[in-house]
Amino acid sequence: MPPGELFPLVWESIRSRPLRSILTTLGIVVGMAAVVLLSSIGEGSRRAIAEQFSQFGTTIVAITPGKAETFGIPGILGTEHPLTLEDGRALARIPGVRRLTANLNGAARVEYRDRGRDVYCFGVMHEAQYVWHWGVRSGQFLPPGDPELTPPVAVLGATLARELFGARSPLGQTVRVGEARFRVIGVMEPKGTFLGIDLDDAAYIPIVRAMRLFGREEIDEIDLDVASHDMIPVVVERVRKVLSQRHGGREDFTIVTQDAMLEVIGNVMGMITRGVVAIAAVAILVGAIGILTVTWLSVHERTAEIGLMKAVGASDGQILALFLGEAVALGLLGGLGGIAAGLGIGWVLERAIPLLQTELPLGVLWLCLLVSVGVGAGSGWLPARRAARLDPVVALREE
C-alpha cells in the first residue's frame, strides 16, 4: 500500500471519531504544552537576566554584608560587622581593582513644586557611572572627590525627570528628596529595569548624603570593577583576605561574581525544567496509555474489515502500517496541539506580564515532535502487530 493510499485511510479513521481522537491526544497535548510553556519562559527569563547583567559589564564583583552560603539575599540586618566606607577605601587599594563604588539604596519621595513620585533612591559614588557603565544624557554625574565632602546634588533617571519636569530641563533646579534638598546636575540615559527595579524612575545622590537621609552608618554593598575578567578569582581572594582582617578574622560578608550569579540562576532554571519534564512525563504517559487503548479498541472494532482487506490481497505489513500510522498520527496531532497551546499561552502571558519574556529553543520544538511521534509509534506497535497477524478467515467470521 503506497503512502498516497495509506494517508487518506489513516486520516479518515481519525476524522470519523473526532471526540475519541481529541480525548486520546489530550494527555500528550497537556504534557507538550507544559514542556513548551515552561521551556520558553525559562529560556526567555535566563536570556533576559543574562542581558540585564551584561549591560553592566562582565568584570563586576559585588560584596554585601552577612555570610550567604548560596546566592540569595545576604544578611544585611543583624550582621556582626557591617560594611563601611572605610572598607571601600581599603578595597580600592587592592591590585587589580580598577575602580569601585559603595551603594546605599532606599525608597524616598522626590518632589518638585506640586509634583512628586515615590521612587528608589540610590546613594552611590562618582565612580558608579564607570563601574556600571551608565551614560548621562544631559548634564553630568555625581562629582568626584571625597564622598564626605560631596555637595547636595542629584542625578535623575530619565523617567523621573520627565514626570517631574515634563519637557523642561531639570538642570539647576532644586528637588526635595525626603526631607533634604538637592540641586539637579544631570539626567541619566534610559537603562530600563534590572531585576524588577526601574532604573529610570530613580534618583542618584552622593553616598554620604544617602546615609544621612536614611539614618544609616553602614552601606548596603560595594561593587568592584576588576581590571580584567581573568583577574576576578585573584581579586576575590584578595578581597576576602583584606575584609577578613578588617572584620576581626571573621568572613561575615558575601562576595558574588556575575559568573556565579548566572550559574546559580541557570541551576535554578534547570531544576524547574526538570520538575516540569517530570510532570509532563506523567501526562505523556497518560496519553500513551490512551493511544494504546484506542488502537486496541480500533483493532477489535475493525476485525472484520481487517479480514476483508487481507482477503483482497492486503499484506501483513500493510495492515501493520495502517494501524501504526493511526497511532503515530494521533501522537503527532497531540504534539502539534501541545506546541500550539504552549506557544499561545506563552504569548498571552508575555503581553499580560510586562517583565515576562518567552523564547522557545528550536531544539525543544523538534524534541517535542520527536517524542510525540515516538509515543504514538510505541503505543500503537502491539495493537498494530496483532491486527497484522489476524487470520483472515477468523477475522471475516466477526462480520
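Descriptive notes on the structure:
Yes/no matrix, rows are residues, columns are (1) under 24 Å from the mean Cα position of the chain (by Cα); (2) assigned by TED's automatic domain parsing to the domain that holds Val29; (3) within 30 Å of Pro143 (Cβ to Cβ):
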position: Ile197; (1), (2), (3): yes, no, yes
position: Gly215; (1), (2), (3): no, no, yes
position: Glu218; (1), (2), (3): no, no, yes
position: Leu224; (1), (2), (3): no, no, yes
position: Asp230; (1), (2), (3): no, no, no
position: Val239; (1), (2), (3): no, no, yes
position: Arg246; (1), (2), (3): no, no, yes
position: Ile272; (1), (2), (3): yes, yes, no
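- The listed residues are Pro392, Pro354, and the only one of them that is over 21 Å from the mean Cα position of the chain (by Cα) and not polar (S, T, N, Q) turns out to be Pro392.
- Being surrounded by 13 or more Cβ atoms within 10 Å (Cβ to Cβ) and either modelled with pLDDT of 80 or more or not β-branched (Val, Ile, Thr) (or both) holds for only one residue in Val234, Val277, and it is Val234.
- Residues in the range 189-211 that are at pLDDT 90 or above and either loosely packed, with under 15 Cβ neighbours inside 10 Å or among the small types (Gly, Ala, Ser) (or both): Glu189, Pro190, Ala202, Ala203, Ala210.
- Look at the range 340-364: where a residue is under 16 Å from Ile49 (Cβ atoms) and a partner is assigned to a loop (DSSP other than H, G, I, E, B) and of a type in the set (S, T, N, Q), sitting 6+ places away or on another chain with Cβ atoms under 8 Å, you get Glu350/Gln357; Glu350/Thr358.
- Among the numbered conditions (1) over 30 Å from Val364 (Cα atoms); (2) aliphatic (A, V, I, L, M); (3) in contact (Cβ under 8 Å) with a residue 12 or more places away in the chain, the only one that Val312 does not meet is (3).
- Leading residue by the ranking (modelled with the lowest pLDDT) among those in the range 305-357 that are outside any helix (DSSP H, G or I) and within 30 Å of Ser45 (Cα to Cα): Leu355
For every residue, the table says whether it meets (1) assigned by TED's automatic domain parsing to the domain that holds Leu19; (2) surrounded by 15 or more Cβ atoms within 10 Å (Cβ to Cβ); (3) closer than 24 Å to Pro8 by Cα.
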{"position": "Ile284", "(1), (2), (3)": "yes, yes, no"}
{"position": "Ala311", "(1), (2), (3)": "yes, no, yes"}
{"position": "Leu322", "(1), (2), (3)": "yes, yes, yes"}
{"position": "Arg386", "(1), (2), (3)": "yes, yes, yes"}
{"position": "Arg389", "(1), (2), (3)": "yes, no, yes"}
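- Strands (runs of 3 or more DSSP E) lying entirely in the range 41-156 (those with 1 or more residues that are modelled with pLDDT of 90 or more and assigned by TED's automatic domain parsing to the domain that holds Gln245): 97-112, 115-124, 136-139, 153-156
- Lone unmet requirement of (1) crowded, with 18+ Cβ neighbours inside 10 Å; (2) assigned to a helix (DSSP H, G or I) for Leu360: (2)
The values are calculated or read from the model by the stated rules, or taken from the named source; none is laboratory data. Note that the structure is predicted; figures quoted are calculated from it, not measured. Ideal geometry is used to build each Cβ from the backbone, glycine not excepted, and the neighbour counts take in all protein chains shown.
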